[in-house]
Structures are given as C-alpha cells and as structure tokens.
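Input: a single structure, listed below in structure tokens.
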Amino acid sequence: MAAEVPESATRVLGWLRVMTGAGDWRRFERFAGVAVHQHPDGLAEILLSALRSSAPSGQDTEGAPRVNTEDVVDVLGELRAPEAVAPISRILREKRESDAPFFAVCTKIIHSLAEIGTPDARDVLREVATGSWPKPVKWHAAEELGIEEELGFDEGEMLGGA
C-alpha cells in the first residue's frame with residue numbers, strides 16, 4: 001500500500017494522533033495494526049503516547065474504554081522500537097502482581113523486549129530471569145534469552161505443570 005499510495009503512512013500517523021487525542025482506542029488499535037506494516041517514522045512515539053494517555057487495558061472507573069496495553073506492546077515489539085524499552089519495562093513492573101496468575105501482559109512484554117533485542121532490552125530480560133519474579137515470568141524471560149537450562153529451570157515446575 002505504501003508503494004502505491006506514498007502519503008498513506010503520513011495519513012495513518014495523523015489519524016492515530018487524532019484517535020489518541022479523542023481516546024478512540026478501538027479504532028486506534030486497528031489502525032496501529034495496519035500502520036506497523038508500513039513502519040512509518042513516528043509510529044513508536046504515537047504508540048507510547050497512547051500508553052501514557054490511557055490507563056492499562058479494560059475500562060476506567062467511569063466505564064470509558066482504555067487502550068489495550070497488550071496489543072500496543074505487541075506492535076512496539078514488531079517495530080523493534082528501542083525507545084519503548086523503558087516505558088514497557090515500567091508496565092512490566094507495574095503488572096507484576098495484578099497480571100497473575102496467567103501473566104498475559106507480562107509475557108507479551110517479555111516477547112516484545114526480546115523482539116526489540118537491544119542491550120537494554122536484554123538487560124531487563126536478564127533482570128527478570130534471575131530476579132525474584134513469579135516463576136512463569138522468569139521462565140519466559142530466561143527462554144527468550146536462551147538461558148533457562150543454564151539457570152537450571154524446569155519448564156513444568158516454572159509454568160506450574162507436572
């Protein structure tokens with residue numbers, strides 16, 4: 001699409017900015033999913049802005065929808081956006097307790113950090129894998145780094161299996 005309509009990336013970014021300002025998160029998420037395939041300059045900053053301007057997934061106390069943190073984190077990982085490491089690492093720490101027992105958002109953040117793959121991202125993964133995190137979260141971080149055996153992790157024990 002970008003080759004056939006060169007201005008499409010700029011237009012999508014503009015629409016995403018408008019949707020962020022309006023808090024139109026359902027539409028925002030769909031457009032972000034399209035925009036990631038164009039990799040337009042500035043997309044990561046818009047996604048990070050959406051994370052800052054909306055509390056994490058679900059609905060706020062007035063029932064207004066919020067951005068789906070898991071989806072935005074996934075797109076940031078696909079973009080391999082190094083500027084996302086610190087913000088999504090903060091979300092990881094904030095979600096440490098509330099994401100239990102399945103750790104869906106934590107796992108998504110870990111996978112996104114691995115996709116980003118910068119030294120800073122790998123440092124966060126190592127901190128999680130070797131720190132005092134819940135076992136499933138530690139497992140996923142160690143697996144992304146390829147150090148689960150080095151740490152003596154047993155998949156069944158770490159993930160609550162047999």
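The values are calculated or read from the model by the stated rules, or taken from the named source; none is laboratory data. This is a predicted model, so every value here is computed, not measured. With ideal geometry, Cβ positions are generated from the backbone for all residues, glycine too; neighbour counts draw on all protein chains shown. Calculation scope for accessible area: heavy atoms of the full protein, side chains included, ligands and nucleic acids excluded. Shrake-Rupley method; radii C 1.70, N 1.55, O 1.52, S 1.80 Å.
Against the set (1) 10.4; (2) 10.9; (3) 9.1, the structure's computed mean projected area of the Cα convex hull in nm² falls on (1). Placing +1 on the Cβ of every Lys and Arg and -1 on the Cβ of every Asp and Glu, with nothing else charged, gives the stretch 70-162 a dipole about its Cα centre of roughly 300 debye.
With the convex hull drawn over the C-alpha atoms of the stretch 78-162, the volume per residue is 82 Å³.
If you rank 71, 123, 41, 99 by how much accessible surface each has, with a 1.4 Å probe, what is the order from largest down?
Final ranking, largest accessible area leading: 41, 123, 71, 99.
The accessible-area ordering, largest first, of the residues 98, 8 stands as 98, 8, per a 1.4 angstrom probe. In the stretch 91-137, the portion of solvent-accessible area held by carbon and sulfur atoms comes to 53 percent [1.4 Å probe, whole percent, DNA, RNA and ligands not counted].
Ordering 14, 131, 40 by Cα displacement along the dipole of the chain toward the positive end leaves 14 in first place; charges were set at the Cβ atoms of Lys, Arg (+1) and Asp, Glu (-1).
Can you work out the accessible area per residue across the chain, with the rest of the protein chains kept in place, probe 1.4 Å, in square angstrom?
Computed with neighbouring chains in place, this is 54 Å² per residue.
Rounded to the nearest 500, the 222 nm mean residue ellipticity of the chain from helices alone is -18500 deg cm²/dmol, with -39,500 (n - 2.57) taken per DSSP H run of at least 4 residues.
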